Amino acid sequence: MTKQTESESALEKQLKITNTITDNATVAMFMMNDRGFCTFMNPAAEKMTGFTFAEVQDKPLHDIIHHHHPDGTPYPMADCPIDRALPTNNNVRAHQDVFIRKDGSFFPVSCAASPIFENGVPVATVIEVKDLTEEKAAERALRDSEEKFRFMAESLPQMFWTTRPDGYCDYYNQRWAEYTGIPLDRLYGYGWLETVHPDDAQKASNAWNRAVETKTEYQVEYRVRRHDGTYRWHLTKGLPRLNESGEVMMWVGSTTDYHEQKKMVEELVATNEELAASFDREVAASQKAESQRLLLHDLFMQAPALVAIQRGPEHVYEMVNPFYQQLAPGREFIGKTVEQAWPELKGQGFFKLLDKVYQTGEPFVGNEMLAKIDRHGNGQMVDTYYNFVYQAFKEEGRIAGIVTFGFEVTDLVLAKLDNQVKSEE
């Protein structure tokens with residue numbers, strides 16, 4: 001074999017390797033000559049743009065896939081950094097732009113352009129293009145998710161917070177600053193202890209440290225100083241978010257003012273003790289007093305916080321938290337409308353309230369509202385009572401759904417009614 005034949009064979013082999021690489025590359029590749037005409041286009045580029053190489057060969061590439069801005073204004077070739085890479089003898093790296101497909105749709109891209117030299121003279125440009133459609137969509141989804149979380153957190157009537165796995169508070173909603181009068185930057189970390197009554201601070205701190213160490217639910221009551229210096233009783237609940245390995249990723253919690261409810265319970269307890277002392281020798285009265293004490297204990301220990309998200313004008317459940325699920329343990333919510341999930345609520349006014357909040361955007365605050373529900377799925381209707389808020393949330397400037405936040409006060413209402421009957425007797 002002659003040297004010329006060996007050289008031609010080596011060149012042919014190199015061309016095959018080059019073609020294999022370009023044909024199988026996942027990134028789109030183009031080549032333009034010194035006039036900006038397309039002289040090469042790999043399969044990934046054809047798939048990305050919808051054009052075949054035959055359709056763009058020896059034509060100005062800019063005029064085919066880069067001729068207008070998304071707002072419809074012309075994009076002169078002289079202004080394009082990709083087309084200027086060759087005449088200015090500059091490399092372009094990670095340049096983000098927008099290209100146009102054959103069907104006329106725009107799509108985001110990241111580009112790199114490099115001049116090719118022959119005898120020191122730039123004669124062509126190699127362009128590598130990556131379609132960023134999925135990345136941009138993922139970025140938008142992440143932003144929407146973050147904005148949705150912040151909207152929900154700032155819309156809650158409670159003081160909402162999150163912490164790092166070690167218990168360091170890294171987020172408070174604006175309710176904290178409004179209620180305590182302390183700037184949020186002073187509350188970060190363990191600044192919340194500054195708001196706790198001195199007699200309750202050690203108990204609150206010990207309970208929090210124990211929850212963080214054991215990765216278990218945090219629930220404690222303590223007095224919080226309001227901006228006017230008044231201390232009011234609050235119930236704080238926190239839940240750890242665990243990963244698949246059982247490690248804590250973050251904590252989420254709320255601090256709820258329930259000063260009036262606690263005072264009411266204390267009055268009921270005092271009344272119950274008086275009744276128990278008065279009828280100490282009567283078995284029936286003693287049993288009744290014990291029942292009341294148990295009821296009051298349950299009221300004290302249970303402060304359920306209910307959270308649900310209903311999306312769209314049909315109010316389709318998108319999320320319910322465990323406390324909400326406990327309203328009807330065996331019932332399915334996700335993907336169902338409120339009417340489908342709660343058929344027994346028809347005629348009780350809740351559906352109209354949801355419609356009104358969705359249509360007007362004005363929140364609705366319910367106080368001790370009665371709802372008759374089939375809690376256990378056995379056809380037996382039960383009277384239940386709730387303090388809650390229906391709060392509309394927006395996406396892209398439009399109302400997208402409703403956040404339900406509240407807690408059940410059934411036991412408290414029934415206890416009030418029972419005490420009222422006793423007083424009348």
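The values are calculated or read from the model by the stated rules, or taken from the named source; none is laboratory data. Computed from a prediction, not measured in an experiment: that's the story for all the values here. Counting neighbours? That spans all protein chains shown, and the Cβs are built from the backbone with ideal geometry, glycine included. With ligands, DNA and RNA removed, areas are computed over all heavy atoms of the protein, side chains included. Shrake-Rupley method; radii C 1.70, N 1.55, O 1.52, S 1.80 Å.
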With a ≥ b ≥ c taken as the square roots of the eigenvalues of the C-alpha gyration tensor of the stretch 370-418, please select rounded if a/c is under 1.5 and otherwise prolate if a/b is larger than b/c or oblate if it is not? oblate
Identify the residues of the stretch 38-61 with backbone N under 18 Å of a label point that sits 7 angstrom from the Cα of Val123 along the Cα-to-Cβ direction, or state none. 38-41, 58
For Asp374, tell me the accessible area in Å² from a 1.4 Å probe, rounded to the nearest 10. 30 Å²
Sorting check: for 238-245, 38-45, which peptide has the highest mean count of neighbouring beta carbons within 10 Å, and how do the rest follow? 38-45, 238-245
How much length is gained on full extension from Arg226 to His68, taking 0.36 nm per residue of separation minus their Cα-Cα distance? 51.1 nm
So the FRET efficiency between Glu395 and Asp79, C-beta based with R0 = 25 Å and rounded to 0.05, is 0.10
Entries in Lys203/Lys416; Lys346/Lys416; Lys136/Lys394; Lys47/Lys130; Lys215/Lys262; Lys262/Lys416 that, when Cα-Cα distance is taken, lie over 23 Å: Lys203/Lys416; Lys346/Lys416; Lys215/Lys262
What list of whole percents do you get for P(r) of the stretch 323-382, with Cα-Cα distances grouped in 10 Å bins up to the one holding the largest distance? 19, 50, 28, 3
If every Lys and Arg gets +1 and every Asp and Glu gets -1 at its Cβ, then about the Cα centre the stretch 299-375 yields a dipole, in debye to the nearest 20, of 80 debye
Taking each pair of distinct Cα atoms in the stretch 89-135 once, what is the resulting Kirkwood hydrodynamic radius in Å? 12.0 Å
